[in-house]
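One structure is given here, and the rest of the page talks about it.
The values are calculated or read from the model by the stated rules, or taken from the named source; none is laboratory data. Note that the structure is predicted; figures quoted are calculated from it, not measured. Virtual Cβ from ideal backbone geometry, glycine too; neighbours counted across all protein chains shown.
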Amino acid sequence: MGSGTSRSFALGALVAGAVVTLSAKAEAASNSGGTGAEIRFGTTFSVTRATPSLSLVDPVDLSSRTIARGDLATAGGFRSVGAFSDFAFVVWPRLSIPVIGLGISLPVGEHAPIRSSVDGSIAEVQPFRMFAVDVLGPGIGVRSIVRRYFFEALVRTSLLYMGGKAQIAAGSELVDVPVHGVALGVRAELSACRRLDPESRVCLTLAPRLFEVVPASGLSVGLSWTWGR
């Protein structure tokens, strides 16, 4: 009886020790940023040196004719402020896989009108009446954790949609017309973050636009709150 009891106690102690060890490892993995999802919300300021070519959303009826379709060449950049959200999946401990993000921004500062033409008519693109929607696609990145701080670098795909108003000359009058444009791109993101607690942190992000209409087309600076791993 005594030897059986001793073996039972020994087995129980072994199991308890294994549970404690696994719990400690799980807690350490969690504290170092384990596998899981994360979501980010923030604000951003963006500067670009090129914008996509714009096209008419609908046919335009002028006093003398109808313009069924047409493209407006653009020039110059676009400065904007906006808000964004982003979703990513983190593979413990250093691999980050951004999945999908969405941002909306409006112009800030002075933007000079851009003279253009469409189907033989004089047109004027007005950047101060535009808006931008950024759809951030999949990518891949790496991160390094140092105590309560971590740093992340990643590359991802993107799609920029711009919409707003332009004006077309119709005799002595100017007619407002809705226009839009799309550009595919590739962006990098460099983030420095500080943990507020085990599941949330605040991040400062620099996002160079590696290609969007033209190479090295712009830069975004963002401040965000992130929840997750």
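Going residue by residue through the stretch 177-198, is there one that turns out to be assigned by TED's automatic domain parsing to the domain that holds G82, polar (S, T, N, Q) and under 21 Å from V99 (Cβ atoms)?
Within the stretch 177-198, one or more residues are assigned by TED's automatic domain parsing to the domain that holds G82, polar (S, T, N, Q) and under 21 Å from V99 (Cβ atoms).
Out of (1) closer than 22 Å to G42 by Cα; (2) surrounded by 14 or more Cβ atoms within 10 Å (Cβ to Cβ); (3) at pLDDT 90 or above; (4) among the small types (G, A, S), what's the single condition that is false for A192?
All conditions are met except number (2).
Considering A166, A207, which residue is part of a strand (DSSP E or B), crowded, with 21+ Cβ neighbours inside 10 Å and within 17 Å of the chain's Cα centre (by Cα)?
Result of the check over A166, A207: A207.
Could you list, in sequence order, the residues of the stretch 119-130 that are within 20 Å of F78 (Cβ to Cβ) and touching a residue at least 40 places away in the same chain (Cβ under 8 Å)?
Selection gives A123, E124, V125, Q126, P127, M130.
Is at least one residue of the stretch 152-161 under 17 Å from the mean Cα position of the chain (by Cα), at pLDDT 95 or above and farther than 18 Å from P98 by Cα?
Scanning the stretch 152-161 turns up at least one residue that is under 17 Å from the mean Cα position of the chain (by Cα), at pLDDT 95 or above and farther than 18 Å from P98 by Cα.
Which one of these is assigned by TED's automatic domain parsing to the domain that holds G36 and surrounded by 15 or more Cβ atoms within 10 Å (Cβ to Cβ): V81, V90?
V90
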